[in-house]
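Beneath this line is the structure, given in structure tokens, with notes to follow.
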Amino acid sequence: MYQSSKKILVIEDDNITRNLYLKGLNAKGFDTIAADNGHAGIQEAQEHIPDLVICDITMPDMDGYSVLTALRQNPLTAIIPLIFLTGSSTKADVRKAMELGADDYLTKPSTLDELLRAIASRLQKQANLQYWCTVQLEKPAKSVFVDDNTTAIAENFNVGVGETSCREASCQETIIFAKSIFPRIPQLKEVFDFIEAHYHQGITLCDVAEAVGYSPAYLTNRVARQTGETVNSWIVKRRMAGARFLLQNNNQTIEKIAKALGYQDVSHFSRQFRQHHGLPPQAWRKEHQAVSEKELKVFETVTQ
């Protein structure tokens with residue numbers, strides 16, 4: 001299912017166990033890297049940047065906990081999923097592993113099938129996340145109209161407050177909640193928070209990288225690895241979400257909307273909008289404002 005595009009690093013000091021896992025993983029189509037101690041494992045991880053690490057805990061000189069700590073402290077390896085292998089299954093050991101950031105925990109002796117299932121589960125979670133992000137971003141943002149005495153309940157677990165706007169309708173003030181486009185990935189929260197705060201200021205990849213303290217190349221790789229999208233793509237997607245909101249909920253000119261979203265050239269904004277939505281901004285507005293007016297009439301009816 002994941003085949004040769006996925007690279008697995010096995011850190012295990014027992015030759016028999018290590019070779020068994022390597023042989024089984026190779027048979028399933030994975031690319032494998034081997035290390036017989038913690039220090040070598042860290043070096044291999046930094047050099048090859050595997051998709052997943054399998055690591056023994058009890059090893060001479062450097063145990064698995066120290067390996068995980070070192071990997072998490074290095075920006076190059078901080079987000080690589082890690083599965084622990086150990087002969088101990090005490091609650092304290094499992095707790096320590098999870099607190100350090102392990103992604104799974106297998107107790108020895110474990111079979112090759114058990115290990116493959118754990119790997120498949122972890123990689124499938126990554127694939128699901130990327131697919132989910134893709135599906136959500138293809139959906140047009142929807143506005144939910146509520147009066148100032150009502151709490152907006154998100155339809156999805158990651159729906160958040162986007163932009164707000166005041167409307168003169170049947171109630172004195174209407175709050176418009178827009179769905180957040182960003183996935184909830186703790187390791188990337190600082191990145192997405194910066195984009196959210198500054199997307200309308202014409203920011204670029206270099207601005208985001210400088211704000212979070214990484215090089216542009218590393219940040220691009222890190223974000224793409226976890227989301228399937230580049231930093232620049234997320235900036236554009238956030239601007240497009242803002243564009244949909246503004247087009248649907250006010251009558252400002254396209255030029256003013258483009259400027260409010262950080263575009264210096266209205267033609268650039270129009271081309272980018274059309275690429276993402278299949279229509280130029282003015283045509284999209286005409287189509288969706290008609291729907292918005294119908295929604296508002298329904299809102300006014302149920303609140304009278």
For this session: Please state which of the following conditions Arg18 fails to meet, knowing it meets all the rest: (1) surrounded by 18 or more Cβ atoms within 10 Å (Cβ to Cβ); (2) charged (D, E, K, R); (3) more than 22 Å from Thr111 (Cα to Cα).
Result: (3)
Exercise. What about Asp56, is it closer than 19 Å to Asp13 by Cβ, touching a strand residue (DSSP E or B) at 6+ places or on another chain (Cβ under 8 Å), of a type outside the set (A, V, I, L, M, F, W, C) and touching a residue at least 40 places away in the same chain (Cβ under 8 Å)?
Worked result: yes
For this session: Could you tell me which residue of region 48-62 is nearest to the chain's Cα centre (by Cα), considering only residues that are farther than 20 Å from Ser121 by Cβ and surrounded by 16 or more Cβ atoms within 10 Å (Cβ to Cβ)?
Result: Met62
For this session: State the number of residues belonging to region 206-228 that are buried (at least 18 other Cβ atoms within 10 Å of the Cβ) and of a type in the set (Asp, Glu).
Result: 0
Exercise. Which helices (runs of 4 or more DSSP H) sit wholly inside region 28-111 and have at least 2 residues that are modelled with pLDDT of 85 or more?
Worked result: 38-48, 64-73
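Please state which one of Ala120, Ala45 is of a type in the set (Gly, Ala, Ser) and surrounded by fewer than 20 Cβ atoms within 10 Å (Cβ to Cβ).
On the way: Ala45 fails: surrounded by fewer than 20 Cβ atoms within 10 Å (Cβ to Cβ).
Checking each option against the conditions leaves just Ala120.
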Exercise. Are any of the residues in region 68-86 β-branched (Val, Ile, Thr), under 26 Å from the mean Cα position of the chain (by Cα) and at positive phi?
Worked result: no
Problem set entry | Residue that is surrounded by the fewest Cβ atoms within 10 Å (Cβ to Cβ) [pool: residues in region 239-280 that are out of contact with any His (no Cβ under 9 Å at 6 or more places or on another chain) and under 15 Å from Glu196 (Cβ atoms)] | Phe245
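The values are calculated or read from the model by the stated rules, or taken from the named source; none is laboratory data. If you're wondering where the values come from, they're calculated on a predicted model, not measured in any experiment. We place every Cβ from the backbone using ideal geometry, glycine too, and count neighbours over all the protein chains shown.
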